[in-house]
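K.L.:
Before I ask anything, here is the structure I am working with.
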Ligand code: V07
């Protein structure tokens, strides 16, 4: 009788064909750092005559599915664009709903993230988030800071131009205080001022839902990343979709500007 409350919600097992492809992919060079623009939640909902927020909620479930699979693939860092600095312009109702998702996500999934050795991190303007959102994230950060498996990095209230403006401000303050000279400023130095300075180089960017643009996401970090676009709406994105993007990545010849 109590079983159905005590048992974990069981998810369908992955088909053997997919598990075999996963095994093969693991033998080849894996992107260390994958970032995803999780687009198409609103359109997914509209297609079903549901409110936009139903799409966001379904998208949250996809976050977990994809996090778990990225972990199994051996990806080191998964950066997910959850909320941009521009998203504040959406209706208040929608923004309020979105700001509750980190709390809901972590209430549901934090135990499994801990069990799977996942480390939760965030990039973006943390201070401008509602207090309850800050608390949920801070709690997850603390609870997972000792973990050394997959880094699940949420870009929340993040914008790349704002990030770069803050780097320029920081460097000019150092210069005014005569702590650095112009000749000390190089790519490595700028890199060290970014919110991603502690993370490995971005290897692969995926954007769902058919839009082919970067939308102010990780512009510096994308310099040599491979790009993958799919028409699939984020709530429909699944393990097979991610595996396909990884397999495609593994066929590419990355030259970083040289002839290789
Ligand atoms: C959000 C679900 C995914 C699709 C894109 C928009 C809606 C998970 C989080 C989250 C964030 C931080 C954290 C834990 C979970 C989230 C927002 C929106 C704002 F520590 N999904 N998700 N945050 N969506």
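The values are calculated or read from the model by the stated rules, or taken from the named source; none is laboratory data. These numbers were taken from a predicted model, which means no experiment stands behind them. Neighbour counts run over all protein chains shown; Cβ positions are idealised from the backbone, glycine included.
K.L.:
Collect the residues in segment 82-103 that are in a helix (DSSP H, G or I) and either within 8 Å of the ligand (Cβ to nearest atom) or surrounded by 14 or more Cβ atoms within 10 Å (Cβ to Cβ) (or both), keeping them in residue-number order.
P.N.:
Within segment 82-103, 87, 94, 95, 97, 98, 99, 100, 101, 102, 103 qualify.
K.L.:
Another question, if that's okay. All but one of (1) closer than 25 Å to residue 26 by Cα; (2) in a helix (DSSP H, G or I); (3) within 12 Å of the ligand (Cβ to nearest atom); (4) without any contact (Cβ under 8 Å) to a residue 40 or more places away in the chain hold for residue 114; which doesn't?
P.N.:
(3)
K.L.:
If I ask for residues that are more than 18 Å from residue 238 (Cβ to Cβ) and within 13 Å of the ligand (Cβ to nearest atom), which ones from segment 55-79 would you list?
P.N.:
Of everything in segment 55-79, just one residue is more than 18 Å from residue 238 (Cβ to Cβ) and within 13 Å of the ligand (Cβ to nearest atom), namely 79.
K.L.:
So residue 109 fits all but one of (1) more than 10 Å from the ligand (Cβ to nearest atom); (2) not in a loop (DSSP other than H, G, I, E, B); what number is the exception?
P.N.:
That leaves (1) as the condition not met.
K.L.:
Against the condition under 19 Å from residue 206 (Cα atoms) and either free of Cβ contacts under 8 Å to residues at least 12 places away in the same chain or assigned to a helix (DSSP H, G or I) (or both), how does residue 57 come out, does it pass?
P.N.:
No, not satisfied.
K.L.:
Which of the residues belonging to segment 20-46 are free of Cβ contacts under 8 Å to residues at least 12 places away in the same chain and in contact with a helix residue (DSSP H, G or I) (Cβ under 9 Å, 6 or more places away or on another chain)?
P.N.:
The answer is 24, 46.
K.L.:
Can you tell me how many residues in segment 126-139 are closer than 23 Å to residue 197 by Cβ, touching a residue at least 24 places away in the same chain (Cβ under 8 Å) and within 12 Å of the ligand (Cβ to nearest atom)?
P.N.:
Of the residues in segment 126-139, 3 are closer than 23 Å to residue 197 by Cβ, touching a residue at least 24 places away in the same chain (Cβ under 8 Å) and within 12 Å of the ligand (Cβ to nearest atom).
K.L.:
Under the condition of being part of a helix (DSSP H, G or I) and modelled with pLDDT under 95, which residue from segment 1-46 is farthest from the ligand (Cβ to nearest atom)?
P.N.:
Per the criteria, the residue is 3.
K.L.:
Restricting attention to segment 231-242, which residues are over 16 Å from the mean Cα position of the chain (by Cα) and more than 15 Å from the ligand (Cβ to nearest atom)?
P.N.:
Those that are over 16 Å from the mean Cα position of the chain (by Cα) and more than 15 Å from the ligand (Cβ to nearest atom): 231, 240.
K.L.:
While we're on this one: Here are some conditions: (1) away from the ligand (no atom under 12 Å from the Cβ); (2) touching a strand residue (DSSP E or B) at 6+ places or on another chain (Cβ under 7 Å); (3) more than 20 Å from residue 69 (Cα to Cα). Residue 123 meets all but one. Which one does it not meet?
P.N.:
With respect to (1) away from the ligand (no atom under 12 Å from the Cβ); (2) touching a strand residue (DSSP E or B) at 6+ places or on another chain (Cβ under 7 Å); (3) more than 20 Å from residue 69 (Cα to Cα), residue 123 is out only on (1).
K.L.:
Could you tell me which residue of segment 217-232 is nearest to residue 59 (Cα to Cα), considering only residues that are in contact with a helix residue (DSSP H, G or I) (Cβ under 6 Å, 6 or more places away or on another chain) and in a strand (DSSP E or B)?
P.N.:
228
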